[in-house]
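Notes for the one structure printed next.
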Amino acid sequence: WPFNYRIDYSIDPALTKLLPNPISGLLLLIFLVVATTLYRKTLDKTLRFFAYASLLSLFPAVIAVGLLSVAGARMMYLPTVFIIPFCILLLRKKVSTKTFHTTCSIFLAVCALSSLNQVALWRSDISLFTYALAKQGSHDVAHLNLGIAKYESGDFDGAAYHLNHEMLTKGEDQRHYMLGVMNLAQDCEETAEDEFKLAIEKNHHFYAAYHN
């Protein structure tokens, strides 16, 4: 969920409908509430601890992701620490040993495949935001991030292509600033100065543009 959230976050929040990621977190929250309610009398002290800790840490994370807050993705790591042990311990108490081992094996296999997929996409910023553009189409933030990534890798032509994509929502100041930095790196000082001035016009508090 945190990984996919980062990709989806590049969509303009004003146009975003309820994404699968917040829905999955909400369903997980509902599951915890139902499970805790149904089995509250049979839960031992350890299970109660993991259940309540999961609920307390997951609830604000679901709200944050639903509001498209960047912090929401980071907040999901904490409840995971409590949710997984809770589910495993609850399953161990409610099913046979054979069913328990089979379920855990499937769970580990799914986690392994998911990890392999994530590692492949996270190997570089270029691969990550190229995937974002392919998944979402022509979105402003993904173009900006990919342009910055290509600039940092030394691909100025590739960076210019994405940085010259006009931002329709927000980030025009950052786009002009990066164009200025890129032109400055290529000794095009007059063009760089024009871009820094445009960045300042878009954001009068852009102190890095003033400095350059």
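May I ask you to evaluate 6.51 cos²θ - 1.76 cosθ + 1.60, the Karplus curve with θ = phi - 60°, for each residue of the range 181-188 and list the ³J(HN,Hα) values in order in whole Hz, giving x for glycine and proline?
4, 5, 5, 5, 5, 9, 6, 9
At 0.36 nm per residue, minus the direct Cα-Cα distance, what do His165 and Phe31 gain on full extension? Give it in nm, one decimal, please.
Fully extending the segment from His165 to Phe31 adds 43.9 nm.
Roll a 1.4 angstrom probe over the protein heavy atoms and tell me the percent of accessible area of the range 156-212 that is carbon or sulfur.
Heavy-atom surface of the range 156-212 belonging to carbon and sulfur, 1.4 Å probe: 48 percent.
Can you work out ³J(HN,Hα) from phi for every residue in the range 40-49, in order, using Karplus 6.51 cos²θ - 1.76 cosθ + 1.60 and θ = phi - 60°, giving whole Hz and x for Gly and Pro?
Whole-Hz 3J(HN,Hα) from phi for the range 40-49: 4, 7, 9, 6, 7, 4, 5, 5, 4, 4.
Would you list, by chain and number, the aspartates and glutamates whose Cα falls below 15 Å from the Cα of Lys150, excluding same-chain residues fewer than 8 positions away?
Hits, sequence-local ones excluded: Asp125.
Stretched out fully, how many nm does the piece from Ile84 to Ser127 gain, at 0.36 nm a residue minus the Cα gap?
So the chain would gain 12.5 nm between Ile84 and Ser127.
In square angstrom, what is the accessible area per residue of the range 53-124 with a 1.4 angstrom probe?
Here the per-residue accessible area is 62 Å².
Calculate the dipole size of the range 106-212 relative to its Cα centre from +1 charges on Lys and Arg beta carbons and -1 charges on Asp and Glu beta carbons; express the result in debye to the nearest 20.
It comes to approximately 700 debye.
The values are calculated or read from the model by the stated rules, or taken from the named source; none is laboratory data. For clarity, every value in this text was computed on a predicted model and none was experimentally measured. Cβ coordinates were reconstructed from backbone atoms using ideal geometry, including for glycine residues, and neighbour counts include every protein chain displayed. We work out accessible area using only protein heavy atoms, side chains counted, and drop any ligands, DNA or RNA first. Shrake-Rupley method; radii C 1.70, N 1.55, O 1.52, S 1.80 Å.
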